[in-house]
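Bear in mind that the values in this text are calculations on the coordinates, not laboratory data. For clarity, every value in this text was computed on a predicted model and none was experimentally measured. No Cβ is skipped: glycine too gets one built from the backbone with ideal geometry, and neighbour counts run over all protein chains shown.
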Amino acid sequence: MKPFSESCVQNREPILEVLRGELADKTRLLEIGSGTGQHAVYLAAEFPQLLWQTSDVSAAHAGINAWLDEAGLTNVRPPLALDVSRDSWPGQRFDAMFSANTVHIMSWPNVERLFEGVGKTLQENGVFCLYGPFNYNGRFTSDSNARFDQWLKERDPLSGIRDFEAVQEQAAKAGLVLKEDHAMPANNRTLVWSKTS
């Protein structure tokens, strides 16, 4: 039985609209934290020129492969094992990277490792698109995000909604320059950085 995420269904179309403007000329994308695999099969179908490489911790691979097998897309690759806390990043380079709903479920040291890996693996002039909730100036952007943050911390005290400014600092260390900060439905954002060198 395939895993299913309702939030993927709810956010996939707004994410697609952002990605249309960022991925039109890209050819190799690494998705970090593919989760159920639903984003991969929905989004990759809209970019036939793009080779979409899925990745996640090994425990998620069976579910991702179930979605990929059913979709039968020729431009989506089976998942790589990528746990940012310990696994090696792919040896090949990518001109695009995408991750959705990941940094608020990671510990902060793993968020730092995520950006280190992106900085090393993203080609010059490549883009990194990161979707999820963020705080600004140390404040929640909505009451629902504050409740969500409390729920996250009860589940895992090391997780939580991240401050945009702290995330941006990690991006800058990795050689990334902020291109866009898109407001998304349900008090989420899509942040887009480009690799400068």
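Consider Ile105 carefully, then state whether it is within 23 Å of Asp181 (Cα to Cα), assigned to a loop (DSSP other than H, G, I, E, B) and not basic (Lys, Arg). Break it down stepwise before answering.
Numbers: within 23 Å of Asp181 (Cα to Cα): yes; assigned to a loop (DSSP other than H, G, I, E, B): yes; not basic (Lys, Arg): yes.
It is true that Ile105 is within 23 Å of Asp181 (Cα to Cα), assigned to a loop (DSSP other than H, G, I, E, B) and not basic (Lys, Arg).
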**Q.** Candidate set from the range 60-86 (those that are in a loop (DSSP other than H, G, I, E, B) and free of Cβ contacts under 8 Å to residues at least 24 places away in the same chain); member that is nearest to Glu46 (Cα to Cα)
**A.** Thr74
Q. Of Thr74, Thr54, which residue is within 18 Å of the chain's Cα centre (by Cα), of a type in the set (Val, Ile, Thr) and within 25 Å of Val18 (Cα to Cα)?
A. Thr54
Q. Does the range 144-159 include one or more residues that are within 23 Å of Glu13 (Cα to Cα) and hydroxyl-bearing (Ser, Thr, Tyr)?
A. yes
Q) Does the range 153-160 include one or more residues that are in contact with a Phe, Trp or Tyr (Cβ under 6 Å, 6 or more places away or on another chain), of a type in the set (A, V, I, L, M, F, W, C), closer than 16 Å to Asn110 by Cα and touching a residue at least 12 places away in the same chain (Cβ under 8 Å)? A) no
Q: Scan the range 127-156 for residues that are surrounded by 14 or more Cβ atoms within 10 Å (Cβ to Cβ), of a type in the set (Ser, Thr, Tyr) and more than 18 Å from the chain's Cα centre (by Cα) and jot them down.
A: Thr141
Q | the range 6-58, residues that are crowded, with 17+ Cβ neighbours inside 10 Å, among the hydroxyl-bearing types (Ser, Thr, Tyr) and outside any helix (DSSP H, G or I) | A | Ser34, Thr36, Thr54, Ser55
Q: Could you tell me whether Glu22 is farther than 24 Å from Gln168 by Cα and of a type in the set (D, E, K, R)?
A: no
Q.
Six or more apart or on different chains, Cβ atoms under 8 Å: show the pairs whose first residue is in the range 163-184 and without any contact (Cβ under 8 Å) to a residue 40 or more places away in the chain and among the charged types (D, E, K, R) and whose second is exposed (fewer than 15 other Cβ atoms within 10 Å of the Cβ) and in a strand (DSSP E or B).
A. Asp163/Tyr136; Glu165/Tyr136
Q.
So in the range 90-126, with the set limited to residues that are among the aromatic types (Phe, Trp, Tyr) and buried (at least 20 other Cβ atoms within 10 Å of the Cβ), which one is farthest from Leu191 (Cα to Cα)?
A. Phe94
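Those residues that are in a strand (DSSP E or B) and either among the hydrophobic types (A, V, I, L, M, F, W, C) or farther than 16 Å from Arg162 by Cβ (or both), I need them from the range 116-136; list them, please.
Filtering the range 116-136 for residues in a strand (DSSP E or B) gives 122-132, 134-136.
Across the range 116-136, the qualifying residues are Leu122, Gln123, Glu124, Asn125, Gly126, Val127, Phe128, Cys129, Leu130, Phe134.
Return yes when Ile105 is hydrophobic (A, V, I, L, M, F, W, C), over 21 Å from Lys26 (Cβ atoms) and in contact with a helix residue (DSSP H, G or I) (Cβ under 6 Å, 6 or more places away or on another chain) and no when it is not.
Numbers: hydrophobic (A, V, I, L, M, F, W, C): yes; over 21 Å from Lys26 (Cβ atoms): yes; in contact with a helix residue (DSSP H, G or I) (Cβ under 6 Å, 6 or more places away or on another chain): no.
Judged against the criteria, Ile105 is not a match.
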